[in-house]
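One structure is given here, and the rest of the page talks about it.
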Amino acid sequence: MFDDDYALEDQGLEEQALEVLQRVFGYDAFRHPQQEIVNHVVAGNDALVLMPTGAGKSLCYQVPALVRAGTGVVVSPLIALMQDQVDALTELGVRAAFLNSTQDFARVREVEQAFLSGELDLLYVAPERLLTDRCLSLLDRGRIALFAIDEAHCVSQWGHDFRPEYLGLSTLHERWPDVPRIALTATATDATRVEIAQRLGLDNARAFVSSFDRPNIRYRIVEKNDPRRQLLEFLTTEHPGDAGIVYCLSRAKVEETAEFLSAQGIRALPYHAGLDQAIRAANQSTFLREDGVVMVATIAFGMGIDKPDVRFVAHLDLPKSVEGYYQETGRAGRDGMPAQAWMAYGLQDVMQQRRMIDESTGDDAYKRRLGAMLDAMLGLCETVECRRVRLLAYFGQKATACGNCDTCLEPPQTWDGTQAAQKILSAVYRLWKERGQRYGSGHVIDILRGKKTDRVTQYQHDELSVFGVGADLSEKDWRNVLRQLITQGLLAVDHESYGTLALTEDSRAVLKGERTLMLRRELAKPGKTRESSGSKAKVAVNLPPEAEALFTALRAWRGEVARNHGVPAYVI
Ligand code: ADP
Ligand code: MG
Ligand code: ZN
C-alpha cells in the first residue's frame, strides 16, 4: 500500500500528507500545529517538537514516515508500550514492527528482513537496541525515511526521566546526515529545549512550541493534614467510579495507599519499578482497558500512557519539579473533558525534598540546580495567584487568571505573619545562642506553644524567654508558618544535623522588624473556622504521620551516629 514510489507520485507533498491522515488514520484534519510540522519533516528538515501530552505528537512523525520513501525509525524508551503502538498501527493497515529485548531471535530476524525488503513503514526501536552494531549496520543496509526521537527529554540529565542511552543518539546525525530527524517531548522549559537540541545535535532544527495550557484541568493544592483521609474524601466525594492516578514518592507508600484504598472499597492497583514485571504489566493493562480503576504509582508509571478518560491525577507527595508536576498532571483529561489535578502538600514535603537534595550524590552545582527546581515547585504551591498563570509562566507562556483553579475560585487569604515569624526565629536564635544547640521544628513548636514535654523539661527549655509566647496559634498553624519561612529562605533546614533549623542571612531583617511578612493562610474548609479546624486539642505525639515515617527512616539511617555521639535526635 505504501510503496516507495508512492512518494514520487506527482502530487504535492502537503496534499499527500492530508490524504494519509484521512485515508489511513481516519481523521478529518490536522490539529494545530501538526500540519506545519508534518510539512516541515516531509520536506526533509529537522524538527524539535514541544507539545503537551495528548496534543497528538505521534502523527507528527507517523504521517511523514508514510509519505516519505523508506521506513520511519522511531526511538522510544517505552518498551512496554511498543506492542500496543504497533498493534494499533497494524490495525489501521500500517506496516509497523518493533525491535526490543522482549523478542526471540526468530522474530528479530523476521523484522530485520521486512525492514531490508522495504516492507516496513514504521520501525520502533529501544535506544539501547538502536545503538548496537547489529542494528546500526542493519539500518545502513535499508532505506530510512526519518528518525523520530520520542520522549526526547529523556536526554536531559536534569530531568527525572533521564536515560543514559539517549546521549548516544547524536550519532544518528553523524551517520545519516541526510535523514531528517524529529525529536518530540511534552517538556518545554527553555533550559530543557536547549539541552535537547545540544545533546541530540539539533541546533539547526526548527522548534515547534505549542501552548501548554490544559484548560480542562482544574489545579488544586490543599494543605496536607491527614493525607490518606483527604485523598479518600476527594475520591469518594468528587470522583466516585472514575479512573485516575495517585502518585506517591516511595514504593512502600504506593503499596500502603493501594491497600488502604482497596480496603475502603475503591478499585486501586499498585504500580512501581520494584514490582514483578508481570504484575506491573497486568496492572497497567487493567488500568488501560477497564473503567474506573485507580492506579497508585510512583513516577515510574505514566510516560506514554494514552488513556483518554483519566479524570484525576492526585499527588500525595510533592513532585521534585514543576516539569514533573506538569507531566504527571497532564495525564488527566486527555479527552478534553473536565479533569482535576489535586495535591496534598505540607511542611514534611519541603523537609523531605530538601533532605533528598542534600543527600544526593552530585556536586554543588547539581544540588543548586535541584534546589532551584524545587523552589519553583514550592512557589507554585505557595502562590496566591492563579495556579495556571503560575504554571504557564514557568514554561515562558502568558495566560490570564483562569477562574477555575483553587486560588481563582477561593482566593487565599493572607495575614501579617511578621510577629509569628519573629517568634520562631528568635526561638531558634535563643536555643543556639543560650544553649548552643539546634533543634528540629517539632521541638521548637513545643517551646513556642509552651508545652512541657519530657524534652522541654529535661533541657529546661521552659526557662527560655520564648517559652509559651506562641500559645495563640495551633500546632498546625505553626507548621504552616514554618513551611512558608523555609520555602521563602527565611529559615534553613540542616539535614546534615538531623533536620535542625538554623537562621539564614535573610532572617535578620525579619527579626529586626525591617521586613513585613505576609503569609498565606490555610484555606478554611467551608463551614469551618480556622479555630475549629486547628488542632488545639491535645496532641499526644507532635508529629504528623508522614513525618513519623520519615523520623523512623532517618533514625535508622543515622541511629548509629546519634548513639555514638550522644547527639539529641530531635528530628523535624
Ligand atoms: P502525545 O504523544 O502528544 O501525548 P498522541 O500522539 O498519543 O499524543 O495523541 C493523543 C490522542 O489524540 C490520540 O488518541 C490520537 O489519536 C489523537 N489525535 C492526534 N491527532 C489527531 C487529529 N488530528 N485528529 C483527531 N485526533 C487526533
Ligand atoms: Mg506520545
Ligand atoms: Zn486560576
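Looking at region 143-167, I want the residues that are more than 23 Å from Asp178 (Cα to Cα) and have a partner that is among the basic types (Lys, Arg) and in a loop (DSSP other than H, G, I, E, B) with Cβ atoms under 6 Å, at least 6 apart or on another chain. Which pairs are those?
Close Cβ pairs (under 6 Å, with a partner that is among the basic types (Lys, Arg) and in a loop (DSSP other than H, G, I, E, B)) amount to Cys154/Arg163.
Looking for something surrounded by 19 or more Cβ atoms within 10 Å (Cβ to Cβ) and under 28 Å from Arg520 (Cβ atoms) - is there at least one such residue anywhere in region 262-269?
Taking region 262-269 first, the residues surrounded by 19 or more Cβ atoms within 10 Å (Cβ to Cβ) are 266, 268-269.
The next check asks that each one be under 28 Å from Arg520 (Cβ atoms); those that pass are none.
Looking through region 262-269, none of the residues is surrounded by 19 or more Cβ atoms within 10 Å (Cβ to Cβ) and under 28 Å from Arg520 (Cβ atoms).
Checking the structure you have, find out if any residue of region 408-417 is within 14 Å of ligand 3 (Cβ to nearest atom), farther than 16 Å from Ser211 by Cβ and either more than 33 Å from the chain's Cα centre (by Cα) or part of a helix (DSSP H, G or I) (or both).
Scanning region 408-417 turns up at least one residue that is within 14 Å of ligand 3 (Cβ to nearest atom), farther than 16 Å from Ser211 by Cβ and either more than 33 Å from the chain's Cα centre (by Cα) or part of a helix (DSSP H, G or I) (or both).
Look at region 147-174 and say how many of its residues are away from ligand 1 (no atom under 16 Å from the Cβ), under 25 Å from Gly44 (Cβ atoms) and among the aliphatic types (A, V, I, L, M).
First, pick out the residues of region 147-174 that are away from ligand 1 (no atom under 16 Å from the Cβ): 147, 155-160, 162-174.
From what is left, the residues that are under 25 Å from Gly44 (Cβ atoms) are 147, 155, 166, 168-174.
Next, from what is left, pick out any that are among the aliphatic types (A, V, I, L, M): 155, 169, 172.
Going through region 147-174 one residue at a time, the tally reaches 3.
Looking at (1) in a helix (DSSP H, G or I); (2) within 16 Å of ligand 2 (Cβ to nearest atom); (3) β-branched (Val, Ile, Thr), which one does Val310 not meet, given that it meets all the others?
It is condition (1) that Val310 fails.
Could you tell me which numbered condition Ala191 fails, if it satisfies all but one of (1) under 20 Å from the mean Cα position of the chain (by Cα); (2) small (Gly, Ala, Ser); (3) at pLDDT 95 or above?
(3)
Just need a number here: residues in region 26-56 that are within 15 Å of ligand 2 (Cβ to nearest atom) and at pLDDT below 95.
Residues meeting the conditions: 8.
Which one is nearest to Ala148 (Cα to Cα) among residues in region 1-25 that are modelled with pLDDT under 95 and small (Gly, Ala, Ser)?
It comes out as Ala7.
Which residue, of Leu89, Leu50, Leu81, is crowded, with 23+ Cβ neighbours inside 10 Å and away from ligand 3 (no atom under 16 Å from the Cβ)? Break it down into steps so the answer makes sense when it comes.
On the way: Leu89 fails: crowded, with 23+ Cβ neighbours inside 10 Å; Leu81 fails: crowded, with 23+ Cβ neighbours inside 10 Å.
None of the others qualify; the one that does is Leu50.
Please indicate, with yes or no, whether at least one residue in region 282-289 is within 16 Å of ligand 1 (Cβ to nearest atom), out of contact with any Pro (no Cβ under 7 Å at 6 or more places or on another chain), assigned to a loop (DSSP other than H, G, I, E, B) and in contact (Cβ under 8 Å) with a residue 12 or more places away in the chain.
no
Right, Ala344: buried (at least 18 other Cβ atoms within 10 Å of the Cβ) and not in a helix (DSSP H, G or I) or not?
Details: buried (at least 18 other Cβ atoms within 10 Å of the Cβ): yes; not in a helix (DSSP H, G or I): yes.
Answer is yes for this residue.
The values are calculated or read from the model by the stated rules, or taken from the named source; none is laboratory data. This structure is a prediction, so every number in the text was calculated from the model and none was measured. Using ideal geometry, Cβ is built from the backbone for each residue, glycine included, and neighbour counts are taken over all protein chains shown.
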